Every structure is written in C-alpha cells, then in structure tokens.
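Participant: Sharing a structure below in structure tokens format, with a few things to ask.
The values are calculated or read from the model by the stated rules, or taken from the named source; none is laboratory data. What you see is a predicted model; the values in this text were computed from it and never measured. Positions of Cβ are backbone-derived with ideal geometry, glycine not excepted, and every protein chain shown enters the neighbour counts.
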Amino acid sequence: MNVRQKYRGFVCILLGLGIVGLGVCGLAAVRAQIPSQMQVSDAGELPELFHNAFDRLITKEISAGEKLSPETEKTGTTLMEVGETLNETAVPETYKIMYRLFGKIPLKMVTVSVVPRKYVYVGGTPIGIYLKTAGVMVIETAEIRGEDGSMCCPAENIVKSGDYIRSVNGVETDTKERLVECISACGGEDVVLAVDRAGEQISLKLHPVKDESGAYKAGIWVRNDTQGIGTLTYVDEKGNFGALGHGISDIDTGELLDISGGTLYNADVISIIKGSQGVPGELAGVIHYSEGYKIGEIEENRKDGIYGRTIGFPAMSEKMQLFETAYKQEVVQGPATILCSVDGERGEYEVEIREIRLNGSDVNKGMVIEVTDPELLALTGGIVQGMSGSPILQNGRIVGAVTHVFVQDAKKGYGIFVESMLGH
C-alpha cells in the first residue's frame with residue numbers, strides 16, 4: 001500500500017468519524033427537543049413534535065403500561081392501530097409512547113396524559129398587583145452606631161438575606177413597623193426570632209444594641225410588601241385567574257417572594273417608556289387602591305405566575321371572550337398575536353413565534369417571540385415591562401403568555417405555554 005492510499009484511508013476514517021459524530025450530536029439535539037411528558041385531549045391522538053417534514057421520519061409506538069387495556073398491552077403496536085380500541089374502552093389516564101427515528105432508532109419514551117381541553121376567558125388588560133409577604137423578609141444586615149459611638153452589627157452571621165422573620169419573642173411580626181416595635185421593647189435582653197429559611201422553620205437568638213438615639217436596634221434591613229403593574233392572562237370558567245406568566249421576586253435578593261396574600265386591582269397605563277437596545281422599556285401606570293377597584297385576591301406567587309380568585313366574576317366574564325387552550329405540542333413556529341393594553345384600550349398585535357422549546361429547563365421561556373406589528377413597535381419599541389402576562393393567541397386558541405424581553409433586542413422576548421400556567 002503506497003503513501004497515497006494510506007492517506008486516502010486515513011481521510012476516509014476521519015470523514016466516517018465526523019459523520020458518526022454529527023449523527024450522535026444530531027440525535028442528542030432531537031432528543032433534547034422531545035418533552036418527557038405531554039397532554040392530549042383524546043386517547044387516540046398522535047402528538048406531533050416538529051410540525052414539519054421531519055415528523056414523517058418518526059414513528060410512535062405504545063409501550064406496555066399498567067394503565068392500558070389488555071388489547072393494547074403489546075410493545076410495537078402503534079397508537080394509530082389501537083386508537084379505535086382506546087376510544088371504545090375506558091380512556092386511560094396515562095400511557096407511554098416510544099418515539100423512534102426511521103422506526104428503528106429510539107429517541108425518547110414520553111408519558112402522555114389524557115386531560116380534557118380547557119377553556120378560559122382571555123385577559124390582556126392592565127392590573128395593579130399588591131403582595132403581602134409571609135412575615136418580613138430580610139434584605140441584608142447593616143452596621144449601627146452604638147450608644148458609645150462604636151460600630152457593630154448585631155444580626156451579622158445570624159440572619160441571612162431571604163429569611164422571613166415571622167415573630168419576635170412569640171409576637172407575630174407581619175409588618176416592618178411591628179418588627180421595629182418588638183425589637184425596641186426588648187429592654188436590652190436577647191430576643192428570639194422565629195424565621196422561615198428556605199421553607200425550614202428555625203429559631204434564632206440575637207442581642208439588640210442601643211444606638212445613639214437610645215433605641216434598641218438589630219441592624220436588619222427588611223421588606224414586607226411589594227406592588228407593581230402587570231397584565232391579566234386569563235380567568236377560567238370557575239373564576240380563577242392567572243397573570244404575569246412568571247413569579248414576583250424581590251428586587252434586591254432575586255428570591256421568589258413568599259406571600260401571605262395579596263390583591264389584584266384595576267389599573268390604567270398613563271405613559272410608555274420605549275424599549276431600546278440594552279434598556280428595557282416600561283409601562284407606567286396608576287393603580288386604583290380602593291375597595292371598588294378590587295378585581296381579585298392573590299393566593300399564590302409561583303415561578304410560572306400569580307394566581308387567585310376574581311371578585312365579581314359573572315360581571316367580569318361578560319366583558320371577556322372565551323378561548324380554547326392549546327397544549328404545548330400544538331404551538332407552531334409562525335404568525336401569532338398578543339393581547340395587551342398600551343394606549344388605554346386593549347389591542348391585538350401581530351407577533352411571530354420564532355422558536356419553541358418543548359423540553360426547556362426554564363418554564364418561563366417555552367417560546368421565543370418577536371413583535372412584528374408596526375403599530376406596537378411605534379408605541380413601545382417591542383416588549384416592555386408591564387406587558388408580562390399578555391396572552392399569546394394562535395389558530396384561534398390561547399397558547400401562552402409573554403414573560404420577558406430580550407434586553408439587547410426589545411422586539412424579542414420569551415413566552416410561557418398556557419398549559420404550564422393551567423397546570424400550576
């Protein structure tokens with residue numbers, strides 16, 4: 001074998017290894033896009049994943065499972081073949097589908113849940129949000145100047161940022177003012193704080209110090225409530241609402257606020273700060289803090305949104321339109337619209353769904369959207385703060401809600417699947 005033949009052989013080996021490597025990476029990329037769980041409304045439904053020609057290369061097989069009827073418990077039987085049997089018998093709560101490439105290469109086993117399709121009244125209107133934390137949240141510790149002029153930090157290495165102080169010496173502290181009163185009344189004695197730290201209930205002892213003014217202080221910066229403007233996403237047929245599409249976190253600690261309750265109010269947008277590259281825009285509004293403007297009670301602040309019960313639901317529903325909800329695998333890349341109020345009236349504006357992440361690790365970033373509507377771009381520059389929760393509509397269904405803006409490109413942002421919000 002001459003040198004040229006050896007060289008060709010070496011090149012062929014490298015080329016073969018490269019092709020194999022590309023194939024392995026390609027399979028890994030495809031698997032990463034397939035969710036481990038999906039929902040369908042019909043047991044005979046074949047969920048598509050990519051909504052393009054690639055779906056034709058993928059076969060779907062039912063895996064034997066405890067929820068299936070005996071007639072369907074055989075590996076290799078396709079869902080299409082057993083669809084009639086599944087529909088004629090009791091619908092299973094869950095079953096499994098194996099997705100294979102070319103009918104040979106296993107991609108992923110997916111758990112499919114049969115869930116009745118839901119209908120909700122879509123929002124798109126601005127809301128005022130007031131949240132009350134469960135106790136007072138520690139932002140940070142700070143030094144204080146003692147009565148003798150020396151500097152000290154009584155709470156250092158005792159409380160931590162993100163702690164929630166529930167009580168002092170057994171006295172409930174639901175406001176900053178109440179905490180200050182309890183510390184001031186200690187008379188120089190140690191105090192015991194009941195603290196919630198990452199869900200764990202602990203007791204901490206610290207010794208307040210008398211400052212230059214003669215008041216006892218612990219050297220703790222705290223916060224006990226927050227408020228802001230957002231957008232209502234939906235109200236279900238029982239009067240439960242979902243909004244924002246993301247949770248509310250403390251501006252200083254970045255931690256999701258642990259709340260004891262809150263209130264939803266009517267709000268009006270009074271001005272718009274347009275977004276630009278590197279600078280997010282904002283909807284400035286006025287919240288009507290009075291009894292007659294209450295529209296709901298907030299019960300949960302979760303990573304995927306804020307939730308609770310509406311007030312006066314029957315009258316509210318008369319002004320809203322009922323929409324069918326979409327499962328996440330039904331969302332496709334392409335044209336869509338969002339509902340939001342940026343100029344005093346709720347409007348429907350054109351967007352494009354650029355990317356879909358069925359198996360993304362961040363529930364708030366299930367899709368990438370881009371504002372294409374000239375009117376909205378002229379008004380806001382794209383997506384701005386305060387638009388979080390704006391419903392995303394596609395093919396006559398509500399598919400999700402706007403959650404975040406790209407700081408470097410205000411025309412683009414993220415959205416959450418409505419399925420994720422409804423499953424909270």
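Participant: ALA142 versus (1) in contact with a Phe, Trp or Tyr (Cβ under 8 Å, 6 or more places away or on another chain); (2) among the hydrophobic types (A, V, I, L, M, F, W, C); (3) without any contact (Cβ under 8 Å) to a residue 40 or more places away in the chain: which is the lone unmet condition?
Facilitator: That leaves (3) as the condition not met.
Participant: Being out of contact with any helix residue (DSSP H, G or I) (no Cβ under 7 Å at 6 or more places or on another chain) and at pLDDT below 90: is that true of SER260 here? Explain how you work it out, then say what you get.
Facilitator: On the way: out of contact with any helix residue (DSSP H, G or I) (no Cβ under 7 Å at 6 or more places or on another chain): yes; at pLDDT below 90: yes.
Considered against the rule, which asks whether it is out of contact with any helix residue (DSSP H, G or I) (no Cβ under 7 Å at 6 or more places or on another chain) and at pLDDT below 90, SER260 comes out as yes.
Participant: Would you confirm whether or not segment 269-286 contains a residue that is closer than 20 Å to GLY423 by Cβ, touching a helix residue (DSSP H, G or I) at 6+ places or on another chain (Cβ under 6 Å) and assigned by TED's automatic domain parsing to the domain that holds LEU339?
Facilitator: Taking segment 269-286 and keeping what is closer than 20 Å to GLY423 by Cβ, we get none.
Scanning segment 269-286 turns up no residue that is closer than 20 Å to GLY423 by Cβ, touching a helix residue (DSSP H, G or I) at 6+ places or on another chain (Cβ under 6 Å) and assigned by TED's automatic domain parsing to the domain that holds LEU339.
Participant: Looking at segment 255-268, is at least one residue in contact with a strand residue (DSSP E or B) (Cβ under 7 Å, 6 or more places away or on another chain), outside the structural domain of PHE417 (by TED's automatic domain parsing) and crowded, with 21+ Cβ neighbours inside 10 Å? Write out each step before concluding.
Facilitator: Residues of segment 255-268 in contact with a strand residue (DSSP E or B) (Cβ under 7 Å, 6 or more places away or on another chain): 255-268.
Imposing the further condition that a residue be outside the structural domain of PHE417 (by TED's automatic domain parsing) reduces the set to none.
No, the conditions are met nowhere in segment 255-268.
Participant: OK, next. Being farther than 24 Å from HIS404 by Cβ, of a type in the set (A, V, I, L, M) and crowded, with 20+ Cβ neighbours inside 10 Å is the filter here; which residues of segment 279-334 pass it?
Facilitator: Scanning segment 279-334 gives a single hit, ILE295.
Participant: Can I ask one more? Restrict the check to segment 77-87 and report whether at least one residue is surrounded by 17 or more Cβ atoms within 10 Å (Cβ to Cβ), at pLDDT 90 or above, within 34 Å of the chain's Cα centre (by Cα) and not polar (S, T, N, Q).
Facilitator: Taking every residue of segment 77-87 in turn, none turns out to be surrounded by 17 or more Cβ atoms within 10 Å (Cβ to Cβ), at pLDDT 90 or above, within 34 Å of the chain's Cα centre (by Cα) and not polar (S, T, N, Q).
Participant: Please pick out the residue among VAL136, VAL191, VAL180 that is within 30 Å of GLU291 (Cα to Cα), outside the structural domain of ARG302 (by TED's automatic domain parsing), surrounded by 14 or more Cβ atoms within 10 Å (Cβ to Cβ) and in contact with a helix residue (DSSP H, G or I) (Cβ under 8 Å, 6 or more places away or on another chain). Write out each step before concluding.
Facilitator: On the way: VAL191 fails: within 30 Å of GLU291 (Cα to Cα); VAL180 fails: in contact with a helix residue (DSSP H, G or I) (Cβ under 8 Å, 6 or more places away or on another chain).
The unique qualifying residue is VAL136.
Participant: Right, here's the next one. So which residues in segment 280-300 are of a type outside the set (Gly, Ala, Ser) and over 13 Å from GLN227 (Cα atoms), if there are any at all?
Facilitator: Residues of segment 280-300 that are of a type outside the set (Gly, Ala, Ser), as a first pass: 280, 282-283, 286-289, 291, 293-295, 297-300.
Those that are of a type outside the set (Gly, Ala, Ser) and over 13 Å from GLN227 (Cα atoms): PRO280, GLU282, LEU283, GLU291, TYR293, LYS294, ILE295, GLU297, GLU299, GLU300.
Participant: Still on this structure, I have one more. Out of THR125, THR94, THR175, which single residue is hydroxyl-bearing (Ser, Thr, Tyr) and assigned by TED's automatic domain parsing to the domain that holds ARG302? Reasoning before the result, please.
Facilitator: Values: THR94 fails: assigned by TED's automatic domain parsing to the domain that holds ARG302; THR175 fails: assigned by TED's automatic domain parsing to the domain that holds ARG302.
Of the residues listed, the single one that is hydroxyl-bearing (Ser, Thr, Tyr) and assigned by TED's automatic domain parsing to the domain that holds ARG302 is THR125.
Participant: Something else about it: Residues to consider are GLU255, GLU200; find the one that is of a type in the set (Asp, Glu) and farther than 25 Å from ASN169 by Cβ.
Facilitator: GLU255
Participant: Exactly one of (1) in contact with an Asp or Glu (Cβ under 9 Å, 6 or more places away or on another chain); (2) surrounded by fewer than 21 Cβ atoms within 10 Å (Cβ to Cβ); (3) at pLDDT 85 or above is unmet by GLY219. Its number?
Facilitator: The single condition GLY219 does not satisfy is (2).
Participant: Among the strands (runs of 3 or more DSSP E) confined wholly to segment 319-424, which include 3 or more residues that are more than 20 Å from the chain's Cα centre (by Cα)? So that I can check it myself, show each step before the final result.
Facilitator: Numbers: elements: 322-325, 334-341, 346-356, 367-371, 391-394, 397-406, 409-417.
Of the strands (runs of 3 or more DSSP E) lying wholly inside segment 319-424, those with at least 3 residues that are more than 20 Å from the chain's Cα centre (by Cα) span 322-325, 334-341, 346-356.
Participant: Let me ask something additional. Evaluate the following for ASN224: is it over 20 Å from THR380 (Cα atoms), part of a strand (DSSP E or B) and either assigned by TED's automatic domain parsing to the domain that holds ILE338 or small (Gly, Ala, Ser) (or both)?
Facilitator: Values: over 20 Å from THR380 (Cα atoms): yes; part of a strand (DSSP E or B): yes; either assigned by TED's automatic domain parsing to the domain that holds ILE338 or small (Gly, Ala, Ser) (or both): no.
No: the conditions fail for ASN224.
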